[in-house]
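Here the structure comes first, spelled out in structure tokens, and everything after it is commentary.
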Amino acid sequence: MPMRCTRLIALLFLLVAPLAAQANPFSRQLANGLTVIVKEDRRAPTAVHMVWYRVGSVDEQSGVTGVAHLLEHMMFKGTPSVGPGEFNRRVAAAGGRDNAFTSRDFTAYFQQTPKGQLEEMMRLEADRMRHLTLDPNEFAQEIKVVMEERRMRTDDQPQSLLYEQLNAVAFGAHPYRAPVIGWMNDLENMSVEDAREWYDRWYVPNNAYVVVVGDVDHDEVFRLADKYYGPLAPRALPKRKPQQEPQQLGIRRLTVKAPAELPVLMMAYKAPVIRDVEEDVDPYALEMLAAILDGHDAARFPKRLVKELRVAVSAGAGYDSTARGPGLFIVEGSPSEGRSVSELEAAFRAEIARIREHGVDAEELARARAQLIATETYKLDSMFAQAMEIGQLEAVGIPYRAIDRIIEKLQSVSAEQVQAVARKYLDDDALTVAVLDPQPLPAQAKAPRPALPHRH
């Protein structure tokens, strides 16, 4: 979980600096319900092509956690016209790169290639949108890869285990309590039929949208989309029911014991996310609060806790104001040698109390903004970053055309609003505290696991 610059704050500077003065995106919805969004950027003869599905682990049910991510793996296993692994080989042969990723809220696939290869990328993606083979033998091999991925990235990583357990305790009812990769027992019992049912239910054009950014003409992109995606038939989608997390009524604590060098403390406060771009105020103030606490080297946590008090070797804050489900404002760190987790928790609380009681000054607020501009400007030249911002906003129900208004709302955050959200949300009644209790490391390190064949 990134603890320095939050995504919407990064978006602010991705779009307001001079190099971001690109053409506004164009969009069109095909007759089958698929939306195509195109942003022309002529600075390099390449194109980014992304297909986003409005489905992620939040849509899973108990017993099949991890199926969204598993199907992402299976999407590279072939169709009647493109054999297993052939998708990657064709992209590479076209001089491009490709990958995919699954989150709580969405699943996305991308290719970045020379602009002349865009038509081939559309043809390949449209083919697997509705014609995936889902061979049982391929599934049997790939589920083993996913289980190994879970071992490598979660079970063998104490901080990942801690974050996983934190979510499982912080969310009592909402699906965010389950990890995106799934619980191991669910993976062990998953079948190819589970994957096929997921694919048939959600992988339809009316549950997807395409984002293209690069040296392209939007009318030509729309023509190609009509040619390749247009013939795919829509289907009725399952009705999504509201999934509200019950109100938390007091502090929750948990401890995870695992081999590690240092203890880790995570403190997660329930926090709102953007639901109405125009009317909401608090999510923007929470974004700025996270930047003030941990947006740069002179921010409050690194300056006060690491450099001055030396109570921590690391201290950070993170918050994402865009999500389909509920949000968390998280502070985390590791205590310095000779200092305890309790001392670090007290130090975090003291810094939060200072903001709750005394607020932040205008200069501090301005400095956080300025530093974030300097650290995020490098993203301006990335077509992929532009496509990601458009896609991620659309995935959580925020129209990409609201970006300008989001920027204005972020720019208008006041010191008083920052203090107000610290008082309102950084409160024990909505707090979950997770502690990694480090256990002795093995005398001999295990041999490194083989690299995973799937390209994440």
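Here, each number is a calculation from the coordinates, and none is a lab measurement. Quick caveat: nothing in here was measured; it's all calculated off a predicted structure. With ideal geometry, Cβ positions are generated from the backbone for all residues, glycine too; neighbour counts draw on all protein chains shown.
How big is the charge dipole of segment 238-344 about its Cα centre, in debye rounded to the nearest 20, if each Lys and Arg gets +1 on its Cβ and each Asp and Glu gets -1 on its Cβ? Each step should come with its number before you reach the end.
Values: 15 positive and 15 negative charges, 101 e Å.
Its charge dipole is roughly 480 debye.
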Tell me the volume per residue, in Å³, of the convex hull enclosing the alpha carbons of the chain. 150 Å³
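In terms of the Cα gyration tensor, with a ≥ b ≥ c the square roots of its eigenvalues, is segment 252-439 rounded because a/c is under 1.5, prolate because a/b exceeds b/c, or oblate?
Prolate, since a/c reaches 1.5 and a/b exceeds b/c.
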Under 5 Å from the placed amide H of Val264, counting only residues 5+ away or on other chains, we find Leu436
By the C-alpha gyration tensor axes a ≥ b ≥ c (rounded if a/c is under 1.5, else prolate when a/b exceeds b/c, else oblate), the shape of segment 21-228 is prolate
The long-range amide H neighbours of Asp320, using H built 1.01 Å from N in the peptide plane and a cut-off of under 5 Å, are Leu328
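So what is the 222 nm mean residue ellipticity for the chain from helices alone, if each DSSP H run of at least 4 adds -39500 (n - 2.57) and you divide by all residues, rounding to the nearest 500 deg cm²/dmol? Numbers along the way, then the final one.
Numbers: 15 runs with 173 residues, N = 456.
Result for the chain: -11500 deg cm²/dmol, rounded to the nearest 500.
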Given unit charges at Cβ for Lys, Arg (+) and Asp, Glu (-), the dipole magnitude of the chain about its Cα centre in debye, nearest 20, is 200 debye
Derived scalar couplings ³J(HN,Hα) [segment 415-427; Karplus, 6.51 cos²θ - 1.76 cosθ + 1.60; whole Hz; x for Gly, Pro]: 4, 5, 5, 4, 4, 5, 6, 4, 5, 7, 10, 8, 10
Tabulate in residue order the Karplus-calculated ³J(HN,Hα) for segment 78-90, using 6.51 cos²θ - 1.76 cosθ + 1.60 with θ = phi - 60°, rounded to whole Hz; enter x for Gly and Pro. x, 10, x, 9, 10, x, x, x, 5, 4, 4, 5, 5
Go through segment 390-407 residue by residue and turn each phi into a ³J(HN,Hα) via Karplus (6.51, -1.76, 1.60, θ = phi - 60°); whole Hz please, and just put x for glycine and proline. 4, x, 5, 5, 4, 5, 9, x, 9, x, 4, 5, 7, 4, 4, 5, 4, 4
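Note down the magnitude of the dipole of segment 237-277 about its Cα centre, charges +1 on Lys and Arg C-beta and -1 on Asp and Glu C-beta and zero elsewhere, to the nearest 20 debye.
On the way: 8 positive and 3 negative charges, 57 e Å.
That gives a dipole near 280 debye.
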Using the Cα centre of the chain as origin and beta-carbon charges of +1 (Lys, Arg) and -1 (Asp, Glu), tell me which of Gln247, Asn32, Ser160 is placed farthest towards the positive end of the dipole. Ser160
Name the residue from Ala385, Pro179, Gly214 whose Cα lies farthest towards the positive end of the charge dipole of the chain, charges +1 on Cβ of Lys and Arg and -1 on Cβ of Asp and Glu. Pro179
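Quick one: which of 358-364, 202-208, 56-62 comes out on top by average Cβ neighbours within 10 Å, and what's the full order, highest first?
Details: 358-364: 13.3, 202-208: 21.0, 56-62: 18.4.
My ranking of the peptides, most packed first, is 202-208, 56-62, 358-364.
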So for segment 252-439, taking the charge dipole from beta-carbon charges (+1 Lys/Arg, -1 Asp/Glu), which of Met267, Val413, Met288 sits furthest toward the positive end? Met267
